[in-house]
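Okay, structure first, notes after.
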Amino acid sequence: MTPTPDKTPAVNVISLTAVDAGMVHLVGGKAAGLARMIKAGERVPAGFCVTTTAHRAGVVPETELVQAYERLGGGAVAVRSSATAEDLPDASFAGQQDTFLGVAGAGELIDAVRKCWDSLHTERVIAYRRSRQIDEVHMAVLVQRMVDPSVAGGVLFTANPITGCRTEMVVDAAPGLGTAVVDGSVIAEHYILNQDTPAVREGGCLNPEQLRDLHAAGQRLQQLFGSPQDVEWALDRDGLLWLLQSRPITTLFPMPPHTGRPSPRVYLEMGGQFQGVFQPFTPMGISALRAIAATVSRAFGAKADPLEGLDRVVDIAGRLYVDLTDVVRRKGADKWLPKMVEADLGPRVRAVVEQTLADPRFSPQPGSPTRRGGMLKPMLRIVPRGLAGVARSLASPAAARARAFRAVEGFKGQTAAPAELNTAADRLSFVEGMLLPTAQLERMIWPLMAGILAAAAPAGLLKGIASEAEVNTVWGGMPHNVTVEMDLAIWRLAADAGEHRELLRNTPPVELAAMYRAGTLPRIGLSEFLDRYGHRAAAEIDIGIPRWDEDPSPVFAAMANYLRITDPDQAPDRRFERAAANAEAMLQELVRRARRRRPVRGLLAGFFMRRARSLAGLREVGKFAGLYPLRQMRRQLLLIGAELASVGLLARAEDVMFLSLEEARSAVYQRADHHALVVSRRAAYDRERRRSYVPVALFSDGTDVETLKAPEAAEKGKLSGMAAAPGTATGPARVIRDPADAHIEPGEILVAPTTDPGWTPLFLTAAGLVTEIGAPLAHGPTVAREYGIPAVICVRNATQEIKNGQVITVDGAAGTVTMDG
């Protein structure tokens, strides 16, 4: 990312009053912002800028600098950096480069300018630029008359930077220089301002009128710049408010979009909670999921436009959030909703739901918030079929499994693209009209639902007889799971590599993938593997993401990890066999124990545990099958993109993934040119991929719901989460955010934001698993249990609290992570 220069004539020194909007490359973000404030009539200290032209030349223009200083009136000035990549919407560089206050005299001024230039090359600034993929930066230096902050100084945030609430402003203030607040050298007075009454501190340095002035200034600056602002200010001896700097608050998560529904509203993040996708979706990925969801809804009797999708699902920063407002406002929701979401989505989601239910703004509303009559007819049709399907599956699990796997093949065949698709219009019609074979879907759903229900039953039947960890042991080494079978298939590729082991272990995965595509890779069975599993990937529900049959680099990375295993007992197939043996032994022990104390319960528990082991592994088949139509849609969309690129409407075929289906339609039929739109969306997507934290739930005013809960006292050196797979493991942490080419040594503990099936090949060498979000029945914990590795989920900020290489102990029964050192 580099700023784009324009045709502004090069000068060495320029007054702030002469700076216009097109001079950012010349004066930097900070000076350009102040110039804009001056033009808007704000009270800003007079000053000038030593431009990037002088910096590029590498020589301080001493004569021009001194002349400008004298025109300013001499005396004490503030000398600040104003780099070309500073105070940008996603990179503030706050505190990264140097500021010098109270500079007096020509000699001190010249020296301060040189020091500002030098601060561009400090280790911390270089690391900051690298983290935001900023390539080239040049330094302008801002010189302003010093304000004597006799009353107070500090910072104003026009949105609450902790909670994200956009209806609150926050002021930190202290007597004297505001820089003491900025650098943390004093304990600041803290004020929360809203539109009604500011919070005034007894004996504080700011009075109500001054707080109102700050609030009004914040409103003006936010309107001027079009986004929440971080403002430095000072009050002089005459009580005048001076604005010293205004830059975007870069840490806020974006606001939910306005939907036209009454506020406030609450939104729950879906991608990470339901599918283990932490990264943003591509625009086409969201558009395709909406279309498929609408198609499924219509197939089961609900009304939804296939192109519009479900209207309660919104896109916030490339993540899918569902509007839960009507559900939490339903009378009696506080009795059942928290328990339901904890069972399906984990304790973090339960906590935000409880926080929302306790908020009086979400108290039950008169009347029914949903059209129950509209759902009654499809429910009456589906429920009897479901009950019959579940009962039939429990009665004959082997036959149910066979039906489910036949349905997967039927699903694959019936969603394949016909051979006669020849034009972009034909291909788009196929994508938009994708119909899922609901009959095949039902053949898969009822057996896997039977398995899930069978796995849920023993916990209640064995209450007081077996611990949760003992019951979870029964789910180890679970057979018939397509994801586990996929991971073991990768292990077999590695184990059978023979003379090619060194090539596969020591060659970068990207190079191996290139060799495979070029046909120069030795035969190792990869083609056969990709025939079966090539439609998979990490974040695979996003059709904007390449499948493994397009880019097998992640498969090679997993194989390289497996080839580092030297202890035969740690071989993945042996670990899986041990987990299965332990599960069977525990099952028999629990049945014996239960039958001694409660014979009928013992018989029922044994029945359900055995049925669960026969059927619960099927929980992955629905998604596994659903990825086939997604791959077909992706293939056709890439061909559409290639055709659009050939006529100059896109730069390359892959750009179609940064359009929606509607926008692709406008390009195909109206020849709309989307170059600029794609560039903008790619930049936003890349920026969002770097985001390290995504809120579990948001209010419509931007508040991160989790921030409202008082923090619990944590035991030093210990993080708490949710028990997800029993056992303990101690080892070095391997913090990974993207599994594509991840390296994990045997015995290391995988720490990740979340996981989906594309991550699971890493589990075969990991000693344990820690994730920030998730649910007990999600992909990661399920596969962890089946491999017999301990897992703790819902550990907030785990990827930030735990350092790479730090020795940690995971207790998958207690739900804790203990950090050494």
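The values are calculated or read from the model by the stated rules, or taken from the named source; none is laboratory data. If you're wondering where the values come from, they're calculated on a predicted model, not measured in any experiment. Backbone-built Cβ (ideal geometry, glycine too); neighbour counts: all protein chains shown. Just so you know, the surface numbers come from the protein's heavy atoms only, side chains and all, with ligands and any DNA or RNA stripped out. Shrake-Rupley method; radii C 1.70, N 1.55, O 1.52, S 1.80 Å.
How do 219-226, 331-338, 699-706 rank on mean C-beta neighbours within 10 Å, highest first?
Values: 219-226: 16.2, 331-338: 14.1, 699-706: 21.8.
Those peptides, ordered most packed to least, come out 699-706, 219-226, 331-338.
How much of the accessible area of the chain, in percent, comes from carbon and sulfur atoms when a 1.4 Å probe is used?
On the way: 19000 of 35080 Å².
Answer for the chain is 54 percent, counting heavy atoms of protein chains only.
Considering only protein heavy atoms, with the full assembly of protein chains and a 1.4 angstrom probe, order LYS803, LYS115 by accessible area, largest first.
LYS803, LYS115
Which net charge results when you count Lys and Arg as +1 and Asp and Glu as -1 among the other residues whose beta-carbon is under 9 Å from that of GLY164? Intermediate results must be reported in sequence, preceding the final value.
Numbers: positive: ARG166; negative: ASP701, ASP704.
So the environment of GLY164 carries a net charge of -1.
Of LYS339/LYS623; LYS709/LYS803; LYS115/LYS803, which ones are farther than 32 Å apart at the Cα?
Working: LYS339/LYS623 25 Å; LYS709/LYS803 26 Å; LYS115/LYS803 34 Å.
Exceeds cut-off: LYS115/LYS803.
Calculate for the chain the 222 nm mean residue ellipticity that helices alone would give, adding -39,500 (n - 2.57) per DSSP H run of length 4 or more and normalising by residue count, nearest 500 deg cm²/dmol. Numbers along the way, then the final one.
Working: 29 runs with 363 residues, N = 821.
Result for the chain: -14000 deg cm²/dmol, rounded to the nearest 500.
Could you rank TYR321, TYR685 by how accessible they are, 1.4 Å probe, largest area first?
Details: TYR321 0, TYR685 30 Å².
Largest accessible area first, the list is TYR685, TYR321.
Going by average Cβ density within 10 Å per residue, which order do the peptides 484-493, 576-585, 68-77 take, highest to lowest? It would help to have the intermediate numbers written out before the result.
Numbers: 484-493: 20.1, 576-585: 17.1, 68-77: 15.6.
In decreasing order of mean packing, 484-493, 576-585, 68-77 become 484-493, 576-585, 68-77.
Among rounded, prolate and oblate, which fits region 534-640 when a ≥ b ≥ c are the square roots of the eigenvalues of its C-alpha gyration tensor, a/c under 1.5 means rounded, and a/b larger than b/c means prolate? Working shown, then result.
Details: a/c = 5.97, a/b = 1.79, b/c = 3.33.
Oblate, since a/c reaches 1.5 and b/c is not below a/b.
Hey, can you rank 159-167, 284-292, 23-31 by average C-beta count inside 10 Å, highest first?
Values: 159-167: 19.7, 284-292: 24.1, 23-31: 25.9.
Output ranking for 159-167, 284-292, 23-31: 23-31, 284-292, 159-167.
Which one, ILE110, LEU719, LEU461, is farthest towards the positive end of the dipole of the chain when Lys and Arg carry +1 and Asp and Glu -1 on their Cβ?
Checked the options; the winner is LEU461.
In whole angstrom, how far apart do the alpha carbon centroids of region 43-69 and region 572-634 sit?
72
Classify region 373-516: rounded, prolate or oblate, from the alpha-carbon gyration tensor (a ≥ b ≥ c, eigenvalue square roots; a/c under 1.5 rounded; otherwise prolate if a/b is larger than b/c)?
Values: a/c = 2.70, a/b = 1.14, b/c = 2.37.
Oblate shape, in that a/c is at least 1.5 and b/c is the bigger or equal ratio.
Less than 10 Å Cβ to Cβ from ASN481, Lys/Arg counted +1 and Asp/Glu -1: what total charge do the surrounding residues give?
Working: positive: ARG619; negative: GLU485, ASP487, GLU620, GLU786.
Overall, the nearby charge balance is -3.
Per residue, how much accessible area does the chain show when a 1.4 Å probe rolls over the protein heavy atoms, in square angstrom? Present the calculation step by step, with values, prior to reporting the outcome.
On the way: 35080 Å² over 821 residues.
Heavy-atom SASA per residue in the chain reads 43 Å².
Name the long-range amide H neighbours of GLN245: under 5 Å, sequence gap of 5 or more, or other chain; modelled H, no Pro or chain starts.
GLU232
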